[in-house]
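Every number in this text was worked out from the coordinates using simple rules, so none of it is lab data. None of the values given here were measured: they were computed from a predicted structure. Backbone-built Cβ (ideal geometry, glycine too); neighbour counts: all protein chains shown.
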Amino acid sequence: MRQGRDWLIALLLVLAPSSLFAQTPPLAVYVEGAQGHFRSGFIQALQAAGQPLVLVASEQDSDMLIALGDEAFSRALEQGKPVLGVFVSRALAEKVERKGCHCAAIWAGVALDDQLAMLEVMMPLARKVGVVLGPNSAWSQGALQDYSGRLSLFPMLVSPENELGDLLRETLPELDVLLLPVDEDLFGPAAAKLILLTSYRLRRPVFGPEQSYVQAGSVASLYASGGDLVAEALVHLESFRQRKRFRRSGFVHTPSVIVNEHVAGSFDMRYSNTEALRDAQEMLP
Amino acid sequence: MPLADMPAMVLTPARVSQPQSEAPASVTVIDRNLIEASGARELYEVLKLVPGMTAIKVDGNVPTVAYHGTQARDSRRMLVLLDGRSQYQPGLSRVNWNDMPVDIRDVERIEVTRGPAAAAYGANAFTAVVNIITRDPRDISKHTVSVRGGNNGILDGRAAAVGHGDNTAWRASVSRRADDGYDEPFEGETRPDRKRIETLNTEWVWESDSHNTFALQVGGSQSRLERQQESGVADIGRYTREPVQKGERAFLGLEWQHVFSATHQLKISTYGQYNKEVTDFGVCYLDPFTGQQGPGGALLFSQELRELYSQNGGDTAATFAAVPTSGPVLSRYGSLQGVAGVNFCADSELDLQEERYDLEVQDTWQINDRMRLVSGANVRHDRVSSQAYLSGTEDNVSYRLFGNLAVDVLSPLTLNLGGYWERDQINGEHFSPRGGVSWRVAPGHTLRYVYSRAVRTPDIYEDQAITNIQALDMSEPFASNPEALLGWSPSYFFITQSSPGTLKPEKIRSEEIGYYGQFRFLELDVRYFQEELTDLLSHALNPFEFEPNNEGWVKHQGTEAQLTFRPTVNHLLRLTGAHIHTHTNKKTETRIAARDSGSALWAWQLASQWGVSTAYYFANDYNDYRYERADLQIRFRHRAGPAELEWRAVIQHALNKEPIVFEENQYQEDRMWLELEMKI
């Protein structure tokens with residue numbers, strides 16, 4: 001009987017913290033970022049989410065900061081408060097985390113495995129996938145090595161000695177398809193033109209890295225939409241509110257899909273609509 | 001994204017970039033990887049990978065490439081484009097694969113539209129269209145030098161350079177290839193079929209701004225081919241100098257692409273081509289009465305025998321039958337007997353010069369999400385000069401209008417309608433239509449039905465032939481005094497042929513039902529077809545045999561399939577097969593009409609440095625001879641300082657001892673060669 005009472009006490013002690021947290025006050029959050037539609041839309045979406053949050057007007061009044069983008073993230077870290085970076089380059093986030101910041105980040109881009117799963121659905125004939133990588137790309141060479149799916153991944157490392165144009169000319173003919181990670185340094189407008197035109201001439205489709213590339217002529221991409229980022233941020237905030245520590249940094253878990261139908265059609269891809277694509281993708285192992 | 005930049009799985013069938021599943025034809029695409037995996041030395045050889053295609057050397061060193069082949073030496077029923085320039089030659093209706101001014105390593109891809117495509121390309125896109133697309137200089141980054149040597153006199157080389165500027169890029173390649181042809185002696189003698197060919201191919205591209213791109217292409221070739229003796233000549237003389245064909249080619253092409261908007265673009269292209277071929281040979285002619293060499297052989301080049309030939313309606317047998325009663329001929333023969341102790345020997349040449357000037361405007365317009373239209377106009381001037389075949393120069397100017405419309409009628413249904421109207425000075429007006437429906441039954445699976453008609457217009461020779469084989473460099477005393485000894489100067493062979501000028505175009509009507517599907521790592525195209533070829537010019541039309549008529553007909557009915565399978569990343573398996581029933585009223589139209597034919601190619605990348613590929617080809621049969629060959633290629637790639645080296649060893653092994661089409665075409669040994677390519 002005594003043993004039973006001890007067990008009950010132990011159970012109460014374990015459950016006590018969560019019940020105490022349930023009574024913790026809402027988080028005071030300040031959103032750091034360039035003024036504009038994205039920031040105002042992000043704030044509105046947070047307010048509309050119905051979570052126990054208070055969006056404050058200055059950093060000083062906040063319990064933590066949300067930083068939108070790399071610049072805001074770097075600025076926010078100087079405030080000495082916990083920071084959740086949103087749409088932050090993976091390289092920057094990992095660099096500051098190694099230095100021991102009190103922060104986490106939702107990385108810009110999507111997970112490699114997710115993009116590959118979509119590619120596999122749309123291109124059942126594809127085998128050899130070239131992945132262009134730079135020093136600040138959302139995926140590292142290690143991530144490519146960790147991939148254990150059916151496709152063969154060929155890292156195409158861009159460096160001052162290994163210029164993008166030559167790399168494409170040399171490597172692309174031996175590949176079936178090209179996949180691009182999010183990398184603001186690597187894939188500017190000039191690079192987009194070079195990549196897309198070279199790949200079209202050689203009839204090798206390009207997937208990724210995000211929606212603007214798809215609008216420009218890449219076949220399709222998973223991408224972190226504003227809504228996806230808000231939803232992911234809310235998960236992080238709730239976790240922080242309850243445990244006073246961040247979840248691990250990472251990509252959004254449920255990205256959106258965008259397909260350029262003209263390009264997909266030109267390449268004879270198996271595709272009827274984005275919903276069907278998402279369904280098929282979820283069926284993949 | 002501008003339409004000009006849109007990627008295209010296939011460009012050829014309807015001139016509009018479209019996915020293969022929506023194209024109004026069966027298409028075989030052979031890209032550079034497949035070309036390299038095949039181990040082919042010469043461009044025509046890779047076309048063995050196309051189902052239903054014959055690609056063999058029929059005439060010693062002269063390839064015949066024909067889709068749903070009929071006549072043995074027939075390459076006049078298929079259109080070949082090299083970067084948009086027609087390689088179909090106007091003089092003698094043929095495609096000369098030897099002299100094509102391109103090396104196989106200049107080629108990026110080949111698209112073969114199987115079935116008539118005159119609705120997109122006009123007359124002579126009769127059974128198929130082979131569209132050869134060379135490498136874009138913007139997609140090449142390294143200079144290349146390669147050498148290749150092997151048995152059977154194989155000695156090839158190539159050097160290629162490339163350069164890039166801010167908005168420009170260029171490439172240039174020179175190549176040489178040579179071999180000794182078939183090596184099995186025939187009737188105790190080595191076949192005269194050595195060949196040596198040099199080519200130059202260059203391209204310069206300038207993107208002046210985002211709306212305008214200009215391209216300039218310049219090149220040419222020269223060739224020297226040993227040719228076999230003409231049987232008609234060998235019957236009446238002894239060759240003193242074996243026939244040798246020398247060829248020269250040059251071309252200049254310009255193209256301007258202008259992008260009006262993302263949905264509308266214009267292309268203006270123009271080119272000029274020059275081609276010269278001369279086959280010269282020396283013969284000591286036999287006295288027609290004694291069958292021995294002597295001065296009496298000169299009778300064959302006498303004016304009197306020519307006149308008797310004309311009086312007998314061009315019938316050689318009747319002419320000789322009339323000789324004993326022909327006073328002028330007998331008199332001439334008598335005077336020739338006075339030239340004692342000499343043989344009549346002379347050189348002759350079969351000469352041909354062809355020029356083509358072509359201007360084309362093509363407009364591509366995405367009218368809305370459901371409709372795409374390609375339309376255009378073309379004007380072309382062909383000029384052919386030949387003493388031997390035409391006794392002068394003939395011109396043919398043609399005007400053309402074309403349009404191809406692709407409409408997504410309902411979401412899974414695409415309708416392709418096309419037509420090509422043309423008028424030329426020789427053949428008058430023609431219209432070639434095509435209609436096709438593609439039904440995407442499921443994502444990645446499409447059924448299609450295509451109906452098309454096409455014509456092959458008689459060429460300038462077929463329509464305007466007046467053959468005259470002149471005696472050149474005659475032996476003495478004939479050279480010094482031809483008028484006295486032969487009755488005329490210049491002096492011609494007594495046989496002359498004239499075309500009636502009334503030949504009709506050959507016609508084809510084709511229907512096909514096809515399926516194109518993509519599965520996991522597997523692509524399949526199957527086609528069932530029926531073709532009716534009518535008004536065929538089935539008989540020989542050469543200076544010795546000349547039977548111009550449209551009496552021939554052929555019916556083809558059959559099935560073809562091509563399958564590409566990539567079970568793992570390092571393996572590629574490609575299978576093709578064709579089963580064709582051919583019915584005809586002319587035996588000659590069945591020479592290379594194989595009932596069954598096919599190919600299998602397997603490429604295996606063993607490691608990053610090592611690769612192996614092997615291929616098997618068969619046709620049952622060509623002229624009652626079964627064709628079977630197996631190829632093996634081993635590739636090794638490594639770096640040496642700043643250079644990348646690739647070694648390739650290839651062996652081609654005949655799996656039977658059957659000759660190829662004709663009994664004189666045989667290999668005694670396997671052909672093998674070693675190649676080294678350096679990129680830097």
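Table for the structure above
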{"item": "Rounded FRET efficiency, nearest 0.05, which uses the C-beta distance separating B:Glu242 from B:Trp647 and R0 of 41 Å", "result": "0.65"}
{"item": "Positive dipole terminus of chain B, leading residue within B:Ala594, B:Ser17, B:His539 (C-beta point charges)", "result": "B:Ser17"}
{"item": "Percent of Cα pairs exceeding the 15 Å cut-off, where the set is the range B:155-222", "result": "65"}
{"item": "Rotationally averaged projected area of the range B:622-665 (alpha carbon convex hull; nm²)", "result": "4.1"}
{"item": "Dipole of the range B:630-669, positive direction: furthest Cα of B:Gly641, B:Gln666, B:His653, with charges on the beta-carbon", "result": "B:Gly641"}
{"item": "Charge dipole magnitude, Cβ of K and R +1, D and E -1 - the protein assembly as shown, Cα centre, debye nearest 20", "result": "2920"}
{"item": "Sorted by Cβ neighbour density within 10 Å, fewest at the top, the residues B:Leu200, B:Leu674", "result": "B:Leu674, B:Leu200"}
{"item": "Length released on extending from A:Glu261 to A:Ala45, taking residue separation times 0.36 nm less the Cα-Cα span", "result": "74.8 nm"}
{"item": "Paramagnetic reach from A:Leu234 in the range A:28-64 [backbone N under 16 Å; point 7 Å along Cα→Cβ]", "result": "A:41-55"}
{"item": "Ellipticity estimate at 222 nm from DSSP helix runs (n ≥ 4, -39,500 (n - 2.57)) divided over chain B, nearest 500", "result": "-2000 deg cm²/dmol"}
{"item": "Contour minus Cα-Cα distance for B:Ala630 and B:Thr559 (0.36 nm per residue)", "result": "23.2 nm"}
{"item": "Alpha carbon Rg of the range A:142-283, scaled by the compact-globule rule 2.2 N^0.38 Å", "result": "1.19"}
{"item": "Two-decimal log10 I(q)/I(0) for the range B:168-291, as the Debye equation yields it once each C-alpha is a single scatterer, q = 0.10 Å⁻¹", "result": "-0.55"}
{"item": "Furthest towards positive pole of dipole, B:Gln293, B:His211, B:Gly272, structure part the range B:166-307, Cβ charges", "result": "B:His211"}
{"item": "Under 23 Å from A:Lys99, Cα to Cα: lysines that are on another chain or at least 8 residues apart", "result": "A:Lys81, A:Lys244"}
{"item": "In nm, spacing of pseudo-spin labels at B:Tyr451 and A:Arg98 (7 Å Cα→C-beta vector)", "result": "7.0"}
{"item": "Estimated distance in nm for a label pair at B:Leu359 and B:His583, the labels positioned 7 Å out from Cα along Cα-to-Cβ", "result": "4.8"}
{"item": "In nm, spacing of pseudo-spin labels at B:Asn542 and B:Asn570 (7 Å Cα→C-beta vector)", "result": "5.2"}
{"item": "Order of A:Ser140, B:Ser331 under a 10 Å beta carbon neighbour criterion, fewest first", "result": "B:Ser331, A:Ser140"}
{"item": "Quarter of the Cα convex hull surface for the range B:443-533, i.e. its orientation-mean projected area (nm²)", "result": "11.6"}
{"item": "Number of partner chain Cβ atoms within 10 Å, mean per residue of A:200-207", "result": "5"}
{"item": "In degrees, nearest ten, helix B:327-337 long axis to first principal axis of chain B (Cα)", "result": "80"}
{"item": "Full-stretch length increase - B:Tyr616, B:Ser261 - with 0.36 nm per residue and alpha-carbon distance subtracted", "result": "123.0 nm"}
{"item": "Magnitude of the charge dipole, chain A, Cβ model with Lys/Arg +1 and Asp/Glu -1, debye to 20", "result": "720"}
{"item": "Whole-angstrom Cα spans of the protein assembly as shown along principal axes, big to small", "result": "142, 57, 54"}
{"item": "Hydrodynamic radius (Kirkwood) for chain A, which is based on Cα pairs only, to one decimal in Å", "result": "20.8"}
{"item": "The range B:1-132, dipole about Cα centre (Lys/Arg Cβ +1, Asp/Glu Cβ -1), debye to the nearest 20", "result": "420"}
{"item": "Residue order, fewest to most surrounding Cβ atoms within 10 angstrom, among B:Ser597, B:Ser375, B:Ser499", "result": "B:Ser375, B:Ser499, B:Ser597"}
{"item": "Percent of beta bridges antiparallel (DSSP, chain A, rounded to nearest 5)", "result": "10"}
{"item": "Of B:Lys555/B:Lys586; B:Lys57/B:Lys195; A:Lys95/A:Lys193; B:Lys586/B:Lys657; A:Lys128/B:Lys48; B:Lys555/B:Lys587, pairs whose Cα-Cα distance is over 19 Å", "result": "A:Lys95/A:Lys193; B:Lys586/B:Lys657; A:Lys128/B:Lys48"}
{"item": "Computed E for B:Leu410/A:Ser212 - FRET, C-beta separation, R0 41 angstrom, nearest 0.05", "result": "0.80"}
{"item": "Pairwise FRET efficiency - B:Ala640 versus B:Ser310, Cβ, R0 = 60 Å, nearest 0.05", "result": "0.30"}
{"item": "The range B:420-452 versus the range A:194-256: alpha-carbon centroid distance in Å", "result": "44"}
